[in-house]
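See below for the structure under consideration.
The values are calculated or read from the model by the stated rules, or taken from the named source; none is laboratory data. Just so it is clear, the structure is predicted and the values come from calculations on it, not from any experiment. Neighbour counts are summed over all protein chains in view; Cβ atoms, including those assigned to glycine, are modelled from backbone coordinates with ideal geometry. Heads up: the accessible areas ignore ligands, DNA and RNA and are worked out on the full protein's heavy atoms, side chains in. Shrake-Rupley method; radii C 1.70, N 1.55, O 1.52, S 1.80 Å.
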Amino acid sequence: DEEFDELCFEFGLELDEVTSEKDIISKEKGEEKAKGASEIIIYKIDVPANRYDLLCLEGLVRGLQVFKERINLPRYEKIIPAEGAGQRLIITEQTVQVRPHAVAAVLRNITFTKERYDSFIDLQEKLHQNVCRRRALVAIGTHDLDTVSGPFTFTAKPPSEIKFKPLNQSQEYTASQIMHLYRTDSHLRHYLHLIENKPLYPVIYDSNGVVLSMPPIINGDHTKINVNTRNVFIECTGTDITKAKIVLDIIVTMFSEYCEKPFSVEAAEVIYPNGKTHIYPELAYRKEKVKADLINKKIGISETPSSLAKLLTRMCLNSHVIGNGNHIEVEIPPTRADIIHACDIVEDAAIAYGYNNIQMTIPKTYTIANQLPLNKLTELLRHELAAAGFTEALTFALCSQEDIADKLGMDISATKAVRIANPKTAEFQVARTTLLPGLLKTIAANRKMPLPLKLFEISDIVVKDPSTDVGARNCRHLCAVYYNKTPGFEITHGLLDRVMQLLEVPPDEDDGYMIKAAEGSAFFPGRCAEIFAKGQIVGKLGVLHPDVITKFELTMPCSALEINIEPFV
């Protein structure tokens, strides 16, 4: 187990756990339920999401064997049958609205065993969940070719006109009845929404009108494959042609090793509504050139081009040195759809070299991290406000429209608030434009606490700003509230003086700070002042209006102070 764990790590995988069916059941449901379950050891292996070729035992074993240099990478071959002898899939124009793309291939004279068959079905399920995005992009259908006769037609019809016996059912149903039947099915109900509201449902027929499948929901029972199936017809329909090709390539490359002629796939012809034809699977090999220096530089190693080529070959990318000895030609097989850019090749070279073998070095660029000045000022102020007898609160950055507008006596349009497009609850509709509502709600939730309540918060608020690239900006605000039997304006004013003293801003009209009587919708008339500093209005302080206090379900007077601290950084 330890050796295998080590091998997985070297290959860029993770052996998640070594367990058995019995262990799994006893963990989830207890010892009693686990009686009689299999004790065969199971390896749970974590495969990266980009490596579709490692999602089945065949691909994983093949990849590890090539990595250990025990076998050479097989060459996948596409066999194009003689004129008129191959399978054809005709796409009609009705499919354009629902699932416009389809690809197909045939695995001839394949030999299944119970294990191979299970792996074949399991791979389709894993691909459906992964690259097929729960069948939304691609749906795979595999059929026993000997039970049907081509050419096949991929079309779309009204649900009432489609009638067939679905997989593992005993009678025929129309498409509408099938949708109803599977609404309670724990596995298939998740896919019904993909075509449920479409006027036409996609369907594949053979030349005698036998239904092969109704993608992406269910295959027909007539063509179901089993362990004794010898010839498998594979079709992938979808909304994304690139993904459909990848899925088809993965399935045929993984299981063609069990065909009479290993690693060979019989091609099928797809005929489009406009009359054009295309042969699938593509099984495209392509060549890329990479500089050895680039690989060395990106990874931080100094290997020779020939040893880098050998490393890449171990990762299923056949490579050799070309030209003046500094370029490596890499052949990308059809199983490696994840190789899109040179950096993907570099990554594979790094995995084969071994991350643990890369020498640690001190970076050439000398950088020392430092706290953002705004955050540093925030930290300093938080300690000082706590020392002044105020308790810090941390409230949600999202709130309801009422909190920042109606309850504070303002119109929502005047707040410049950023709105959430699809709020899940009424409490989280907009990003806060002021910290005051959060603190008042905190007081409302703590009314049982002994008076006075003195709270503060220093956090970001969000306002719309067309001049920024994202259309909004954050501002760091400081807000404090005092809640008692008397409004305590003098305490809030005293706190403002203390903050200004700490910021070294003198009480001076010209180059310091001053307060000036003003009106604010949330404040009591004649009990509100604007704070001027650094030549601008930085905030307000005052006694809150009784209406505001009532709307926040409070019963005592309250004074508040809110300033923007960014000008003081």
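Things worth noting here:
- All helices (runs of 4 or more DSSP H) inside the range 1-40 with 1 or more residues being of a type in the set (Gly, Ala, Ser) and either surrounded by 14 or more Cβ atoms within 10 Å (Cβ to Cβ) or at positive phi (or both): 21-29, 31-34
- The residues on offer are Glu384, Glu427, Glu379, Glu347, and the sole one that is open to solvent by 20 Å² or more (accessible area, probe 1.4 Å), assigned to a loop (DSSP other than H, G, I, E, B) and acidic (Asp, Glu) is Glu427.
- Condition check for Asn318: farther than 30 Å from Val106 by Cβ and of a type outside the set (Gly, Ala, Ser): no
- Hey, Asn109 open to solvent by 10 Å² or more (accessible area, probe 1.4 Å), in contact (Cβ under 8 Å) with a residue 24 or more places away in the chain and either closer than 20 Å to Val148 by Cα or in contact with a helix residue (DSSP H, G or I) (Cβ under 7 Å, 6 or more places away or on another chain) (or both) or not: yes
- Within the span defined as the range 536-551, every residue fails to be assigned to a loop (DSSP other than H, G, I, E, B) and surrounded by fewer than 17 Cβ atoms within 10 Å (Cβ to Cβ).
- One residue from Leu89, Leu73, Leu64 being in contact with a helix residue (DSSP H, G or I) (Cβ under 7 Å, 6 or more places away or on another chain), among the hydrophobic types (A, V, I, L, M, F, W, C), outside any loop (DSSP other than H, G, I, E, B) and closer than 30 Å to Ala284 by Cα: Leu64
- Residue within the range 58-70 that is at pLDDT 90 or above, under 26 Å from Leu145 (Cα atoms) and of a type outside the set (Lys, Arg) present: yes
- Residues in the range 408-422 that are under 38 Å from the mean Cα position of the chain (by Cα) and surrounded by 14 or more Cβ atoms within 10 Å (Cβ to Cβ): 4 in all.
- Taken as a whole, the condition of being small (Gly, Ala, Ser), in contact (Cβ under 8 Å) with a residue 60 or more places away in the chain and crowded, with 18+ Cβ neighbours inside 10 Å does not apply to Ala397.
- From Glu282, Glu269, residue being open to solvent by 40 Å² or more (accessible area, probe 1.4 Å) and assigned to a loop (DSSP other than H, G, I, E, B): Glu282
- The listed residues are Asn219, Asn168, and the only one of them that is open to solvent by 20 Å² or more (accessible area, probe 1.4 Å) and assigned to a loop (DSSP other than H, G, I, E, B) turns out to be Asn168.
- Criterion: closer than 18 Å to Gly539 by Cβ, small (Gly, Ala, Ser) and at pLDDT below 90 - qualifying residue of Gly409, Gly438: Gly409
- Scanning the range 490-502 for residues being open to solvent by 30 Å² or more (accessible area, probe 1.4 Å) and either touching a Leu at 6+ places or on another chain (Cβ under 6 Å) or closer than 24 Å to Lys534 by Cβ (or both) gives a total of 6.
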